[in-house]
Every structure is written in structure tokens, then in C-alpha cells.
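Derivation of every value follows stated rules applied to the coordinates shown; laboratory data play no part. Since we're looking at a predicted model, the values are computed, not measured. Here the Cβ positions follow ideal geometry from the backbone for every residue, glycine too, while neighbour counts run over all protein chains shown.
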């Protein structure tokens, strides 16, 4: 089932306009062939470090890296925070999108190297150490499992090298009743766990890039120096772009710190804590960390991707930072939107056809969905409610005409009474509507389950629900099914039945 992304709750307005052909701030070139680029010099130490780290995770990419370094392939890249147990469903949708791109191009005889950037330098521990799993027969649709950072750990350390708390693993395994996998072995870090899970899922189709890889940081040292040397100029360029976006009716994705300067780089201390780098002092490259604004520059300078595939926020980042690509002479890749996929068991998805429900309707409450499919009875109840309210107000007005000349203090009491009566009258009518729409219990239960699956606890499924939970429920074929169905760089999202 294909549904316009405009119906997806909270979709970035800039992205919708961009998909519709507005290229004022970001070229689109959807469907256009990607021009071949000359090979650029890649550090041999970086290539070897990528080979070694991937081999440690279970990705054997030596030959693929040699071909890439020689300039013999088209390069596509995406990335994501290293969430516990693979993170939410949109992470899988992003990986599926990059694999789909790769497979489709290789069918056309175009060799492709696909990279996936692991954002191990992120310091949002609460987000990384939280996972929502779907549950049944509960008052809520999701069960949140999470770990809280120990109070004795000060600062905000980068999360990739941190060990996964045993309590988090215990909760996860208890919910899924599965043997403990190697990627959740005792003491494993968030970064290594995420990488090993992706390697076990996608094999060698995707080469993984640890953002904290020392050789990567050293290769980026010249760029870090340029950023520090051009600090004031970068700030002016970014502020100018912010004004242009605002004038067009958009909001910048990354705002300036305290309304003044944008954070460009961070420095890592001995405990891995990130602090904004606001001086002209150049720390060692291994201690230098990029911000959301400069990560695309590092990625594009070192890997020179032909295509960057990102989520809505990442597409909007490029509209904000591509002015810096021009400033530093870094080629900007073609930007493509990752595919958007929601999933539902076939038994649940059948409710769409059986009850004539538009997929976009699941982003409403069950009562609202059903009310829209009971037009005559619901309309009559609301018509009676409105008639009753008018008659009530008419009688209260008549009481006032008789009583107010004798006691003017009754005016406030009458107004309060009107408010109470209207409130209870409306509540009565709405209860009647709910009773009417629930008269078909089987239909109500089916649509309640549909909404709970795709819009659990009023959140779009792919933003919050663990994708690995679906693998546990439906088997590894879920992965191939999503790769087959995902539509990257499309103005539609898909509801896929499993």
C-alpha cells in the first residue's frame, strides 16, 4: 500500500516541497544518472583500518575497499546513531534503502560500494539506551525498555565506546524469549553491538564506518584545520543561509548556540565527553569530533560519495550546509531521501480492505476512524446535540429575562450553569457516538489493533518501534521483504504486510 508522504504525521515541510520539485536550496536530480567521478586519493591507512574494523565485526570487505579506493565504483553512503538492538524501524528502512539502491544499480552493470556511517560520537545516552517493543493485550501499545546512566558518571560521554548495561540486555531478552546473541554478549559496547548486528543481517553488502575510527579522524585533520581557520566566515555563511531559509518559510535544522554561533567542532576529553570547541586551539584529530553541521563535510571530503541517502532531517541538513561544500571546494553528493516503511502482520493488514480503511486514517484514534465510516448515525447524533444546545440556550435566556430584573447577581450563576450544561451535553453526545461506532465489536477490535500496530501510543511506528522485534516475531525474511518493498527517494511511504 503506497501512501503520499504528505499524509505521514510530522513530515518535514521543506522535504515535501523539495520532493515536489523545489530546488532553490538543494538540487534534487531524481532519476538522473550519476556522473562518474575521477578517483580521489584515499589514505592507505584509512582503507586498512576500515578493512580491519569491518572484519572484526564480521564484514569481509577487503576486495570491495580496494576497488573503491581505486575509483572503480560508484559510492553511496548513509548513516545512523548506534541505537541499542539496532534502534527503531527507520534504521532498518535506511539500510534497506541503501541496499536496494546498490542492487538496482548493479543490475544495470554499475558497480557500487555502499558505506554506512556509525554515529558512535553521539552523546545522547537516553536515546541510544531506550527501545520500544510492541506488546499485545495491554492498555498501552508499546513497552519501553531502557537503562539510565549511572549518577556517578559526570558529563556527556560519546556513546559508541560505552558498554551496554546488563539490565538493558536482560529486559530485551525477556521480552523476546530468544537465546542471547553474540552481539549482546557481556561487556560489548553500543558501537560494536550495533555493528555486529548489522553485519549479521546484511553480510558484506554494506561496509561500516566507525565515526571515532582514529585513522578516519587523522585523515580529516586538514579539514578540521580549515574549519578552525575559517570560523568567522563559516558563521556568516550559515547565518546568511538561515535568513534565506526563513524568508522562504522554512526553519533551519540546526540552530545557532544561544542564538549567536553555530557549533562546528567538539573536543573529546579523557573520559570521552564532548565539549564545544570555541577556541582557535587545534586539538589532536583523534580528540576532534564533528557537529551535525560539519559531519557531512568530513564524510564527503573523505569518501566523496556520489549519493548520500538520508532521512528527512538529514536532507534538511544539506539544505543548510551545502553552502559550506562550496566554501571548501568539497563536491556535494546527490542527496536522496531514504524510503519510509511501516509493517503489519497480514492478519492485521487485512482490515484495510475488509473495512474500506484508507491507510492514512490509522494516524487517527480508532473512534475517529470508525466515526468517519458511520456517517448517518453519527451525523444524526451530532445534529440532535446541536438542536438541543440551541433549545437549551433559548430556555436559559428566557429564565434570565424573567429573573435578572429581580436579582442581577444571577447573571454570573447563569453563565456558569450554561457552561456546565453544555459540557455535560457534549459529553453525552460523544458517548453516544462512541457507543454507536463500537456496536460492531469485531470491526472495532480489528481497527484498534491496526492503529496500535502502525500508530502505537500516538507515535508513527517506524520512529519508535524496534525493528528487531519484528525479526523475532516473523523471522529473517522480514529483512528481504522490506528491501524488496522499500522505495528510496520517493514521495510515498509503504505499509508492508508480513
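Projected label points at residue 379 and residue 287, each 7 Å from Cα along the beta carbon direction, are separated by 7.2 nanometres.
With Rh defined as the Kirkwood radius, the inverse of the mean 1/r over Cα pairs, the Rg/Rh of the chain is 1.07.
In whole angstrom, the range 437-498 maps to an equivalent ellipsoid with semi-axes of 25, 15, 12, each derived as √(5λ) from the alpha carbon gyration tensor and ordered largest first.
For the range 254-387, the equivalent ellipsoid derived from the Cα gyration tensor has semi-axes of 50, 20, 16 Å, listed largest first.
Listed peptides 4-12, 397-405 appear in the order 4-12, 397-405 once ranked by packing, highest mean of other Cβ atoms within 10 Å at the front.
Between residue 182 and residue 427, the simple spin-label model (points 7 angstrom out along Cα→Cβ) gives 6.1 nm. In plain terms, the chain from residue 391 to residue 273 could stretch by 35.8 nm, reckoned as 0.36 nm per residue minus the Cα-Cα distance. Against the chain, whose longest principal axis comes from its Cα atoms, helix 89-107 is set at around 50 degrees. Packing, taken as the mean count of other beta carbons within 10 Å per residue, orders the peptides 182-191, 239-248 from highest to lowest as 182-191, 239-248.
Taking every Cα-Cα distance in the range 356-459 and sorting them into 5 Å bins from zero, the calculated P(r) comes out as 2, 11, 17, 15, 12, 10, 9, 7, 6, 5, 3, 1, 0 percent. Ordering 82, 396, 3, 335 from the fewest to the most neighbouring beta carbons within 10 Å gives 396, 3, 335, 82. Computed extension length for residue 16-residue 473: 161.2 nm, one decimal, from 0.36 nm per residue of separation with the Cα-Cα distance subtracted. FRET efficiency for the residue 420 to residue 170 pair, using the beta carbon distance and R₀ = 51 Å, is estimated at 0.50. Counting beta carbons within 10 Å around each of 131, 16 and listing the fewest first gives the order 16, 131. Its DSSP H runs of at least 4 residues, each contributing -39,500 (n - 2.57), put the calculated 222 nm mean residue ellipticity of the chain at -15000 deg cm²/dmol, to the nearest 500. Residue exposure proxy: 207, 369, 414, ordered by other Cβ atoms within 10 angstrom of their Cβ from fewest to most, comes out as 414, 207, 369. The slack between residue 328 and residue 108, meaning 0.36 nm per residue of separation minus the straight C-alpha distance, is 75.8 nm. The distance linking the range 186-214 with the range 218-287 is 27 Å (Cα centroid to Cα centroid, whole angstrom). Taking a point 7 Å out from the Cα of residue 43 in the direction of its Cβ, the residues of the range 310-329 whose backbone N falls within less than 20 Å of it are 328-329.
Remark: C-alpha extents of the range 222-278 on the principal axes read 43, 22, 16 Å, sorted largest to smallest.
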